[in-house]
1. Putting +1 on Lys and Arg Cβ atoms and -1 on Asp and Glu Cβ atoms, find which of P119, W26, F10 reaches farthest to the positive end of the dipole of the stretch 3-144.
2. Report the relative contact order of the chain, percent, no decimals, based on alpha-carbon pairs under 8 angstrom and at least 6 residues apart.
3. Hey, if you put +1 on the Cβ of every Lys and Arg and -1 on every Asp and Glu Cβ in the chain, which of P407, S97, T238 ends up farthest toward the positive end of that dipole?
4. Taking the inverse of the average 1/r across all pairs of different Cα atoms in the stretch 387-490, what Kirkwood radius in Å do you get?
5. Regarding the stretch 136-205, what's the average projected area of the Cα-atom convex hull, expressed in nm²?
6. Mean shadow of the stretch 187-305, computed from the convex hull of its alpha carbons, in nm²?
7. Compute the signed sum of charges (Lys and Arg +1, Asp and Glu -1) over the other residues within less than 10 Å, Cβ to Cβ, of G454.
8. To the nearest 20 debye, what charge dipole does the stretch 368-430 have about its Cα centre, counting +1 at the Cβ of each Lys and Arg and -1 at the Cβ of each Asp and Glu?
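The values are calculated or read from the model by the stated rules, or taken from the named source; none is laboratory data. Bear in mind that the values here come from a model prediction, so they are computed numbers and not experimental data. A quick note on method: Cβ atoms are made from the backbone with ideal geometry, for glycine too, and the neighbour counts reach across all protein chains shown. Heavy atoms of the whole protein, side chains included, go into the accessibility calculation; ligands, DNA and RNA do not. Shrake-Rupley method; radii C 1.70, N 1.55, O 1.52, S 1.80 Å.
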Amino acid sequence: MSALTDLLAFQRQTEALSSVAERLGWDQETVMPRGAADQRAEEMGAMEEVLHERRTDPRIGEWLEAADPQTPADRRAVQLIARDFARTSRVPARLASELARLTSLAQGIWAEARAKDAPEDFLPTLDQVLMLKREEAACLADGGDLYDALLDDYEPGMTGAQVAALFDAMRPRLVALREDVLGAARQPQALSGHFPQETQLRLARTCATAFGYDWTRGRMDLAVHPFSSGRWQDSRITTRVVETDPFNCLYSTIHEVGHSSYEQGIDPDYAFTPLGRGVSMGVHESQSRIYENQMGRGRAFTGWLFTRMAEAFDGLNITDADAFYATVNRVTPGYIRTEADEVQYNLHIMLRFDLERDLISGRLDSRDLVEAWNVRFLKDFGVVVDRPANGVLQDVHWSVGLFGYFPTYALGNVYAGCLNQALRAAVPDLDTALAQGDATPGTEWLRENVQRHGGLMPPAEVIEAASGVKISPEPLLDYLEQKFGGIYGL
Ligand code: ZN
């Protein structure tokens, strides 16, 4: 047996075990009995230990040394295994386990502080998380920039400086559009009424099917925070229901279908290899966003959805499809990132990106974080934050040590903009299908150009090859100005 064969066989089992661990996590967030938390923690801890041992197995180093991959897929697999191996070897086991322990505690402390609106209860813990994250970043950075080292985990190849330049180019046009939209004379009506859970879930299933979700290789359950989990033959989605706001359920579902379709669409030959999953968080988010926004919130699909919703809920307070399209895309001032519309969403991300970069570099002290957040929010959104739960305490990410993750949401939007431009040129009659509740031509194009490749190419390469342009925010900004200019009569 060659070193490459041994390496890939070993990796195959590691991938299978980590997929089992992921399914335990899915179970915990969906159907696990409430009283099983302690047992599950021990089960997951045991899995993590086995996985950590496998990922740091010294034989990987020897196989990597001797491996002589011949095909592009094998070369890339070796490259990705080497990258992971180097990463896990650079971070001492002591630091990795301290981080795991502290962040699991910190998540609980954050949740309590948020419920009590008491940032002072959380900030000392955040400071400890930050110290460990800086230490981890220093191990990974090898003398380079600390933030870049963390970002590289989620968006390989991207640097903080590149993200900053991208965001600087976007901010003025987004702020201007936001002001024009909020000040426009024409304002869409809000949807109101009571929308029973069962009916929402039935419609959500119809929407998932419309977007090509393969139910023979997936399922949908309820979760507090919707997510997707798994790949290949078992890629599951979750959704949530708010009985006064059916868009929450329907668009979370379409969003997660985007993530899940990516995993379902990867070339089955890559199963149980490092190529067999989405290549980065940004590319992943580009799929969920293009399904949810460019296709799902477009005039064509919302026209179809209007008829389905009016039928299912026995009439709506919105009476025609054009008004309904405006309602779906309604822009209102708000504090919360996860509830933000397409116009304001990226501004929420820019704020977090700048603050977390300063926290990691030490330019910002965690004791000054609340003040820094509030000042910046007022500047970018023109609104005074009313309470910490609506401000600095709203997101879980920092408590669990996710620094460098936030920008991938906005990168996903930027990538989706580039992809949408190419998709519309390649499939000019996409809207005809979407108007009939059928996103198949969109899914087919995305599958052929993005999804099937999995981890074969680096993130920027797959986006640029698919969209035929250098990554830039222009297509997204043009799309937003055109869309919202139309809805608001600008
Ligand atoms: Zn997402």
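1. Highest projection toward the positive end goes to F10.
2. Over the chain, the number comes to 20 percent.
3. Toward the positive end, the furthest listed residue is T238.
4. Hydrodynamic radius (Kirkwood, Cα only) of the stretch 387-490 equals 16.1 Å.
5. 9.6
6. 8.0
7. +1
8. Roughly 120 debye, rounded to the nearest 20.
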